[in-house]
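First the structure, in the form of structure tokens, and then the observations on it.
The values are calculated or read from the model by the stated rules, or taken from the named source; none is laboratory data. Please read all numbers here as calculations on a predicted model, not as lab measurements. Virtual Cβ from ideal backbone geometry, glycine too; neighbours counted across all protein chains shown. Ligands, DNA and RNA are excluded from the accessible area calculation, which covers all protein heavy atoms including side chains. Shrake-Rupley method; radii C 1.70, N 1.55, O 1.52, S 1.80 Å.
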Amino acid sequence: MAGLFVTFEGGDASGKTTQIGLLADWLKEQGKTVVVTREPGGSDLGNELRDIVLHRRGFIAPRAEALIYAADRAHHIHEVVRPALERGEVVLQDRYLDSSVAYQGAGRVLDPSEVREVSLWATEGLMPDVTVLLDVPADIGLARQASEERAYDRLEAEALEFHERVRDSYLAIAQENPDRVVVIDGTAAIDEVHRAVLERVSQALD
Ligand code: TYD
């Protein structure tokens, strides 16, 4: 495929949105056409599914939760991401399948490799060219969120221990996929993180 697919991963409040914005501006200055998108959400159906999976009151069975994320992903990739990549554009995406492996797999009770397989089936095997992992210790992430004073979604409301498992899972994914995943210290200053992101993404553009 002609375009470039870059995903951003990390705990809640790890700075993904800020960094995606800065990278999008830089890419546009380089004359690239950029699509900024996210999961869950990123399509009309996706926004309906996002509302269910993040804000529905009451229990959602772990496998049902994993399948809702996978359904969102399947539709989003089919409708938004693949067409953009086929047009040769750069897609910057807030969260992708590593989120499912980390949150539904390690964070919950499901087998991470099964969760990954479900996602790959949903997307017909589409993998990112580059994944930026903004690494922030779970306690710092939770403290950042608390200072934002907004309502927690279903996953954010989980205990510290859950977020620690999510972080460990992300780091394990990075270790297993060194060519795809770059780990950047998300506690560093915004412009320092941005420089590290640029270094990796400009390599991929060459
Ligand atoms: P989002 O609203 O994008 O928040 P943030 O700014 O923290 O990234 O994230 C939505 C939540 O959905 C987040 O807590 C992680 C969770 N999530 C999963 O559990 N599995 C997934 O596959 C995805 C894409 C997100």
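Okay, here's what the table says:
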quantity: Set ARG200, ARG167, ARG180: member being touching a Gly at 6+ places or on another chain (Cβ under 8 Å) and charged (D, E, K, R); calculated: ARG167
quantity: Segment 95-124, residues that are of a type in the set (S, T, N, Q) and under 16 Å from PHE8 (Cβ atoms); calculated: SER99, SER100
quantity: Residue count for segment 167-192, restricted to those that are more than 15 Å from THR131 (Cβ to Cβ), among the aliphatic types (A, V, I, L, M) and surrounded by 13 or more Cβ atoms within 10 Å (Cβ to Cβ); calculated: 1
quantity: Complete set of residues in segment 50-96 that are within 13 Å of the ligand (Cβ to nearest atom), without any contact (Cβ under 8 Å) to a residue 12 or more places away in the chain and open to solvent by 60 Å² or more (accessible area, probe 1.4 Å); calculated: ASP51
quantity: Complete set of residues in segment 26-49 that are open to solvent by 60 Å² or more (accessible area, probe 1.4 Å) and part of a helix (DSSP H, G or I); calculated: LYS28, GLU29, ASP44, LEU45, ASN47, GLU48
quantity: Residue count, segment 97-121 (criterion: of a type in the set (Phe, Trp, Tyr) and either closer than 18 Å to HIS75 by Cβ or without any contact (Cβ under 8 Å) to a residue 40 or more places away in the chain (or both)); calculated: 1
quantity: Residues within segment 56-76 that are closer than 17 Å to GLN104 by Cβ, in a helix (DSSP H, G or I) and not hydroxyl-bearing (Ser, Thr, Tyr), tallied; calculated: 13
quantity: Evaluation of GLU124 against (1) closer than 24 Å to THR37 by Cβ; (2) in a helix (DSSP H, G or I); (3) of a type in the set (D, E, K, R) (one fails), failing number; calculated: (2)
quantity: Failed item in (1) within 14 Å of the ligand (Cβ to nearest atom); (2) more than 13 Å from the chain's Cα centre (by Cα); (3) under 18 Å from HIS76 (Cα atoms), with ALA157 passing the rest; calculated: (3)
quantity: Identity of the residue in segment 97-119, near the ligand (Cβ under 10 Å from one of its atoms) and of a type in the set (D, E, K, R), that ends up nearest to TYR170 (Cα to Cα); calculated: ASP98
quantity: Residue within segment 158-170 that is in contact with a strand residue (DSSP E or B) (Cβ under 6 Å, 6 or more places away or on another chain) and either of a type outside the set (D, E, K, R) or outside any loop (DSSP other than H, G, I, E, B) (or both) present; calculated: yes
quantity: Given (1) in contact with a Pro (Cβ under 6 Å, 6 or more places away or on another chain); (2) on the phi > 0 side of the Ramachandran plot; (3) not aromatic (Phe, Trp, Tyr), number of the condition ARG108 does not satisfy; calculated: (2)
quantity: Residue in segment 120-139 that is more than 15 Å from the chain's Cα centre (by Cα), near the ligand (Cβ under 9 Å from one of its atoms) and either crowded, with 17+ Cβ neighbours inside 10 Å or not hydroxyl-bearing (Ser, Thr, Tyr) (or both) present; calculated: no
quantity: Residue within segment 3-22 that is within 15 Å of the ligand (Cβ to nearest atom), open to solvent by less than 10 Å² (accessible area, probe 1.4 Å) and over 13 Å from the mean Cα position of the chain (by Cα) present; calculated: no
quantity: Residues that are in contact with a Pro (Cβ under 7 Å, 6 or more places away or on another chain), under 18 Å from VAL130 (Cα atoms) and assigned to a helix (DSSP H, G or I), drawn from segment 77-105; calculated: VAL101
